[in-house]
Ligand SMILES: Cc1ncc(COP(=O)(O)O)c(C=O)c1O
């Protein structure tokens, strides 16, 4: 079976995890902080805080932004439900902006048009690893005093152009905080895991406390004089969203491989682009001039959405796994029951979208098989 996505773990990764398991530190040791420093350095941000999942990291970022009851936040329906769910955890109401029909990213102008006095933040997803139009969104939203959170769960290793230079996603040039996931199909994995990057010390402190029960052990931050050397303070209601040391050890080892992972993903995407450009059945993904995608996914868009079901079953029979990203968040019963209206472009995108296999360990043979079998699956399809 050629799946739509798969992690890559080798003996070096395993050795690093085993070394950490033998070190005596399973959790709350030095590795999570080392991973934070390495992530911040790789992305070009001042601070990183690791979390137990991308969802927990989103929860932390929205909390740090001050999102709460009575607030609205603007986001996209073309994402995994967690992007919106994390705002509901804080009692805020999601408002969904429609998407660009080709990239699948939030339409920056549509998002800006939805701002009301109740809006506190905008959460924009780098769909499939392609950076959203951050410059337009961030500059206008910041002028309005809003916080922009970048759900970059697909986009570790992607780049965007800023002032004529390529910068890594996570540098937070066009967001106040960028959120990553290290779930297995993402750019790198720690099993489950996530991180928030920021250049703002205030956000950093809030993120750190939120992920550790709202507790600080930093004497300079204490609100009361310490009772003794054991002293720590719980200053806010937080969660246990920590990452373990053996997960962070895996993350550190994976991060060294990230440049090669992204290179390989981009090679596979270029191979598909060449094979499929101009074909009569579907459109291939676009890459804007300002973006270098991490190609977490290779999302094709069918010209005839009625062929989607048949395509899934025919390719499954041929040993090729497809996926659909995403069922718009507004389509889920939980969100429908809130009376939230659908976004027309996101609905149309959903009907047409299919993710075909892309992952670093894909072989030349796998790629050629997909390039042969995919067009064949449209034969006689109505
Ligand atoms: C866009 C997006 N946001 C958030 C998440 C949540 O990340 P995690 O699975 O690490 O909680 C995912 C994971 O699939 C995602 O794709």
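Every number here is computed from the coordinates shown, using simple stated rules; none is lab data. All of these numbers come straight from a predicted model, not from anything done at the bench. Using ideal geometry, Cβ is built from the backbone for each residue, glycine included, and neighbour counts are taken over all protein chains shown.
What the table shows:
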read-out: Shape of the stretch 190-298, Cα gyration tensor, a/c cut at 1.5; value: prolate
read-out: Burial ordering of 286, 149, fewest other beta-carbon atoms within 10 Å first; value: 286, 149
read-out: Structure-based [θ]222 nm, the chain - -39500 (n - 2.57) summed over DSSP H runs of at least 4, per residue, nearest 500; value: -11000 deg cm²/dmol
read-out: Fewest-first ranking of 230, 166, using other Cβ atoms within 10 Å as the exposure measure; value: 230, 166
read-out: Surface/4 estimate of mean projected area, convex hull on alpha-carbon atoms of the stretch 234-368, nm²; value: 13.4 nm²
read-out: Residue order, fewest to most beta carbons within 10 Å, for 334, 312, 35, 180; value: 334, 312, 35, 180
read-out: Fraction of beta bridges assigned by DSSP in the chain that are antiparallel (%, nearest 5); value: 60 percent
read-out: q = 0.19, 0.30 Å⁻¹: log10 I(q)/I(0) that the Debye formula gives for the stretch 195-245, counting C-alpha atoms only; value: -0.68, -1.17
read-out: The stretch 119-266 shape via C-alpha gyration tensor axes, a/c threshold 1.5; value: oblate
read-out: Per-peptide average of other Cβ atoms within 10 Å, ordering 217-228, 73-84, 45-56, 251-262 highest first; value: 73-84, 45-56, 251-262, 217-228
read-out: Degrees, to the nearest 10: 364-376 long Cα axis against longest axis of the chain; value: 50 degrees
read-out: Rg and Dmax [Cα atoms of the chain; Å; Rg one decimal, Dmax integer]; value: 21.2, 78
read-out: Amide N proximity, the stretch 246-283 versus residue 166 label position 7 Å along Cα-to-Cβ, cut-off under 16 Å; value: 258-270
read-out: Ratio Rg/Rh, restricted to the stretch 1-74 and using Cα atoms, in which Rh is the Kirkwood radius; value: 1.09
